[in-house]
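The values are calculated or read from the model by the stated rules, or taken from the named source; none is laboratory data. Everything quoted here is computed from the prediction, not taken from an experiment. Quick reminder, even Gly has a Cβ in these numbers, built from the backbone with ideal geometry, and neighbours come from all protein chains shown.
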Amino acid sequence: MKTRRTFSKMKQENEKITMITAYDYPSAKLSAEAEIDMILVGDSLGMVVLGYDSTIPVTVDDMIHHGKAVRRGAPDTFTVIDMPFMSFNVSKEDTLKNAKRIFQETGAQALKLEGGKDVAPTIELLTKAGIPVVAHVGLTPQTFNVLGGYRVQGKSEEEAERLLNDAIAVQEAGAISLVLECVPSKLAAVITDKIKIPTIGIGAGAECDGQVLVYHDLLQYGVERLAKFVKPYGDLNNSSKESIEKYVEEVKKGTFPSEEHTYSIDEDALKGLYG
Ligand code: KIV
Ligand code: NA
């Protein structure tokens, strides 16, 4: 199992860190077989797996349910699980209770939470309790209502400075890594250079220490629109649809199941049944 030390070393040695989201047994298993460095059970599961139109409805129970399946599929892969909307940075008691449940019940290696300076005390609280935290700044989908939509963050001098300060604050609070989402590549490069913990980018250019993509985006599986920063490496939409159409057609025509997919029995064994 890789550890936070492996990832620090990778940063120091300029070896890129690969991360992908996974939400269930097969996606985790395939990702592990492809030798991904880290898995994220993202709350994006609310959208790509559960069909909500944002990550806001996702619950702690949802994260545990999917997190456990992922751990069964990739028991030897460093797995990070998102704390969902309003499950952290509430009261200390509730934050600890939720974090404890997700961490303990899934056996994950770290939890991720969105936010910069504002969540630094929470990052410190969890770290001191023994739960490693991955931070997430830039476009933070749980607060898109506050941000005014899904858009690139850190474009003005003021926003860029705030993002850098957020990155430093989460590092000082004990975060083991930082996800940078939807920030200009040059700003991501500066942040990556100024902090010691590895940065993992999504829509943040090539100079981050690692990259993360959403499984269903990368494979084009059930998603219709891809953001600018997604490169589709697969086309499961078309291959899945074609396979299902073929199945429907063959059942209708009576060509499936054929002999090949059917069990046989000695005719004599059926004699009594006609009586
Ligand atoms: O939920 C998620 O998939 C994420 C990644 C986009 C970083 O948080
Ligand atoms: Na997320």
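Consider segment 1-38 and keep the residues that are among the β-branched types (Val, Ile, Thr) and in contact with a Gly (Cβ under 9 Å, 6 or more places away or on another chain). The one that is farthest from His65 (Cα to Cα) is Ile17.
For the criterion of being within 15 Å of ligand 1 (Cβ to nearest atom) and either in contact (Cβ under 8 Å) with a residue 12 or more places away in the chain or within 14 Å of the chain's Cα centre (by Cα) (or both), Met10 fails.
Summed over segment 136-166, the residues that are touching a helix residue (DSSP H, G or I) at 6+ places or on another chain (Cβ under 6 Å) and part of a helix (DSSP H, G or I) give a count of 3.
Would a scan of segment 131-147 turn up a residue that is more than 16 Å from ligand 2 (Cβ to nearest atom) and over 19 Å from the mean Cα position of the chain (by Cα)? Checking segment 131-147: not a single residue is more than 16 Å from ligand 2 (Cβ to nearest atom) and over 19 Å from the mean Cα position of the chain (by Cα).
For every residue, the table says whether it meets (1) touching a residue at least 12 places away in the same chain (Cβ under 8 Å); (2) buried (at least 21 other Cβ atoms within 10 Å of the Cβ); (3) assigned by TED's automatic domain parsing to the domain that holds Leu40; (4) of a type in the set (A, V, I, L, M, F, W, C).
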| position | (1), (2), (3), (4) |
| --- | --- |
| Leu180 | yes, yes, yes, yes |
| Ala188 | yes, yes, yes, yes |
| Tyr215 | yes, yes, yes, no |
| Val230 | yes, no, yes, yes |
| Ile244 | no, no, no, yes |
| Val251 | no, no, no, yes |
| Ser258 | no, no, no, no |
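Among all residues of segment 53-60, there is none that is more than 13 Å from ligand 1 (Cβ to nearest atom) and under 21 Å from Thr3 (Cβ atoms). The residues listed here are Lys92, Lys100, Lys112; of these, the one that is crowded, with 16+ Cβ neighbours inside 10 Å and either more than 16 Å from ligand 1 (Cβ to nearest atom) or of a type in the set (Lys, Arg) (or both) is Lys112. Residue count for segment 30-53, restricted to those that are surrounded by 18 or more Cβ atoms within 10 Å (Cβ to Cβ) and assigned to a helix (DSSP H, G or I): 6. Restricting Lys92, Lys117 to those that are over 28 Å from Gly205 (Cβ atoms) and either over 17 Å from the mean Cα position of the chain (by Cα) or more than 14 Å from ligand 2 (Cβ to nearest atom) (or both) reduces the list to Lys92. All conditions but one from (1) of a type outside the set (Gly, Ala, Ser); (2) over 17 Å from Val179 (Cα atoms); (3) touching a helix residue (DSSP H, G or I) at 6+ places or on another chain (Cβ under 6 Å) apply to Val133; the one that does not is (2). Of all residues in segment 55-78, those that are in a loop (DSSP other than H, G, I, E, B) and within 18 Å of Met19 (Cα to Cα) total 4. If I ask for residues that are more than 14 Å from the chain's Cα centre (by Cα) and within 15 Å of Phe88 (Cβ to Cβ), which ones from segment 62-78 would you list? Once the filter is applied, which keeps residues that are more than 14 Å from the chain's Cα centre (by Cα) and within 15 Å of Phe88 (Cβ to Cβ), segment 62-78 yields nothing.
Yes/no matrix, rows are residues, columns are (1) within 29 Å of Val133 (Cα to Cα); (2) out of contact with any Lys or Arg (no Cβ under 8 Å at 6 or more places or on another chain); (3) in a loop (DSSP other than H, G, I, E, B):
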site	(1), (2), (3)
Gly205	yes, no, yes
His216	yes, yes, no
Asn237	no, yes, no
Ser240	no, yes, no
Val248	no, yes, no
Thr255	no, yes, yes
Leu270	no, yes, no
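Return the residue satisfying two criteria in turn: it lies in segment 167-185 and is assigned to a helix (DSSP H, G or I) and away from ligand 2 (no atom under 16 Å from the Cβ), and of such residues it is nearest to His136 (Cα to Cα). Here the residue is Ala167.
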